[in-house]
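Asker: Sharing a structure below in structure tokens format, with a few things to ask.
The values are calculated or read from the model by the stated rules, or taken from the named source; none is laboratory data. None of these values were measured; they are calculated from a predicted model. No Cβ is skipped: glycine too gets one built from the backbone with ideal geometry, and neighbour counts run over all protein chains shown.
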Amino acid sequence: CRLHSPPRSYTHIPKQLKPADTSTGLVLNAIRFPDGPASEWIEKPYVSTNHFDVDALTSVWTFINRELALQYADVLELVAHLGDFREAELAKLSEGSVVDSALKICCWINTLERSKFSKPWETKDSEEKFDWFLPRLQDVLADPSTGRQHWESEYREVLEGFASLEGRVEAFPDLGLAVARPPRPLHYYCTFSRTVGSDVLLTVYEGGRYELEAKYTQFVDLHSRPVWPRLDFQPLAKAMNRLEQLHGGSGDMEWAADRMVYGGPLMRLDRKGEKLSTVQKYGHPTERPIHRSSIPPEAFVGAVTSFMAFGLRGLSPRRGGWGWDELHEINRRIPWDEWEAEALPEALRQCSAA
């Protein structure tokens, strides 16, 4: 979210340490305290953003409609948070609650974006999206039921998927890791809302299918809770390829991981030469293939927890996030060869004995 002449940025990406988790939260804080440090920013006559997503939409709308935004501040902040981090306290949802309204509004935005425009990251039509959504957002903020025909299907999908994960999540708080075992691929709002407080999610599906993902919480400067430093999954992917071969895996499949600096890096098994597009990575697990691995579930979970424990030795979660220079240095110093030669085999032996 950028203000012009000269430009000032309301942003929550690394190196822009401002006290809010979302751009919408930053704008709300600025207009709540007009005589504060951001006073020169909110006097700017124009605001823009370099992309369209839920938080970008609500932050721009908030800057333009300040008095109304303060009336709907609780809902706007949660809409932005759910849109960016894909998580909310859905267990606390009741009809008409802030959580309920935020989920309905996010589903309304998601559904109409897909039906009227391109999917996120598919093409460059952000301007058209803003032109359409900005004048219509107020009505659904005032009464989410007005958009029922657009949000209802996704809303029900999220609540049903969230319920299906009851008792299927194991948390490893000392690693910032959660392991979810859903009955099928689910909408991100389901899995991430069941794993609030974790920074890394390992999803274990039936039939030996797995995905490991670092959440967006590690990409931004998160102020609402401490965050664990992000580990580069690429050394783990290399080890998983060797483990895949030991278990008789197909030679035309390989484990690969996105670069650490990606918004939400995935480590997953793909056919060689067939990588996911950005649209597929950003989309929900329901929208992409998830291939079968030869590695047994207990061994896979053991390998991931061993990797996380080894890489995070001597480190603690920190409020406000981690800078990229710091993260690169942390990862550079980790002796992954030692982990693969010593700690990983021991973890796998313990899994076999259990």
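Asker: Looking only at residues in segment 124-174 that are part of a helix (DSSP H, G or I) and aromatic (F, W, Y), which one is farthest from the chain's Cα centre (by Cα)? Don't jump to the end; show me each part of the working.
Answerer: Residues of segment 124-174 that are part of a helix (DSSP H, G or I), as a first pass: 126-133, 137-142, 144-164.
Now restrict to residues that are aromatic (F, W, Y): 130, 132-133, 151, 155, 162.
Working: F130: 22, W132: 25, F133: 23, W151: 21, Y155: 18, F162: 16 Å.
So, considering only residues that are part of a helix (DSSP H, G or I) and aromatic (F, W, Y), the one farthest from the chain's Cα centre (by Cα) is W132.
Asker: Which residue out of L212, L186, L202 is under 17 Å from the mean Cα position of the chain (by Cα), assigned to a loop (DSSP other than H, G, I, E, B) and crowded, with 23+ Cβ neighbours inside 10 Å?
Answerer: After applying the criteria, what remains is L186.
Asker: Residue by residue through segment 149-164, note down the ones that are under 17 Å from T111 (Cα atoms), without any contact (Cβ under 8 Å) to a residue 60 or more places away in the chain and surrounded by 15 or more Cβ atoms within 10 Å (Cβ to Cβ).
Answerer: Within segment 149-164, H150, W151, E152, E154, Y155, E157 qualify.
Asker: Pick out the one residue from A88, A56 that is surrounded by 23 or more Cβ atoms within 10 Å (Cβ to Cβ), part of a helix (DSSP H, G or I), modelled with pLDDT of 95 or more and under 18 Å from the mean Cα position of the chain (by Cα).
Answerer: Working: A88 fails: part of a helix (DSSP H, G or I).
Only one candidate qualifies: A56.
Asker: In addition: Do we find that A102 is of a type in the set (G, A, S) and outside the structural domain of G25 (by TED's automatic domain parsing) in this structure?
Answerer: The answer is no for A102.
Asker: What are the residues in segment 270-287 that are under 27 Å from G248 (Cα atoms) and in contact (Cβ under 8 Å) with a residue 60 or more places away in the chain, if any?
Answerer: Hit for segment 270-287 is P285, nothing else.
Asker: Would you tally the residues in segment 108-123 being part of a helix (DSSP H, G or I) and touching a Lys or Arg at 6+ places or on another chain (Cβ under 9 Å)?
Answerer: 4
Asker: Right, here's the next one. Hey, any hits in segment 311-328 for a residue that's basic (K, R) and assigned to a helix (DSSP H, G or I)?
Answerer: There is no residue in segment 311-328 that is basic (K, R) and assigned to a helix (DSSP H, G or I).
Asker: Is it the case that some residue within segment 9-16 is at pLDDT below 95, over 25 Å from the mean Cα position of the chain (by Cα) and of a type in the set (A, V, I, L, M, F, W, C)?
Answerer: No, segment 9-16 has no match at all.
Asker: Taking the conditions exactly as written (in contact with a helix residue (DSSP H, G or I) (Cβ under 7 Å, 6 or more places away or on another chain) and touching a residue at least 40 places away in the same chain (Cβ under 8 Å)), does I290 satisfy them or not?
Answerer: Considered against the rule, which asks whether it is in contact with a helix residue (DSSP H, G or I) (Cβ under 7 Å, 6 or more places away or on another chain) and touching a residue at least 40 places away in the same chain (Cβ under 8 Å), I290 comes out as no.
Asker: Just for segment 326-345: of the residues that are among the charged types (D, E, K, R) and surrounded by 11 or more Cβ atoms within 10 Å (Cβ to Cβ), which one is nearest to the chain's Cα centre (by Cα)?
Answerer: Among residues in segment 326-345 that are among the charged types (D, E, K, R) and surrounded by 11 or more Cβ atoms within 10 Å (Cβ to Cβ), the one nearest to the chain's Cα centre (by Cα) is E326.
Asker: Then there's this: Scan segment 329-347 for residues that are among the hydrophobic types (A, V, I, L, M, F, W, C) and under 18 Å from I295 (Cβ atoms) and report the count.
Answerer: 4
Asker: Across segment 329-353, what is the number of residues that are assigned to a loop (DSSP other than H, G, I, E, B) and either more than 18 Å from V261 (Cβ to Cβ) or assigned by TED's automatic domain parsing to the domain that holds A20 (or both)?
Answerer: Looking only at segment 329-353, we keep the residues that are assigned to a loop (DSSP other than H, G, I, E, B), and these are 333-335.
Subsequent filtering for residues that are either more than 18 Å from V261 (Cβ to Cβ) or assigned by TED's automatic domain parsing to the domain that holds A20 (or both) retains 335.
Within segment 329-353, residues that are assigned to a loop (DSSP other than H, G, I, E, B) and either more than 18 Å from V261 (Cβ to Cβ) or assigned by TED's automatic domain parsing to the domain that holds A20 (or both) number 1.
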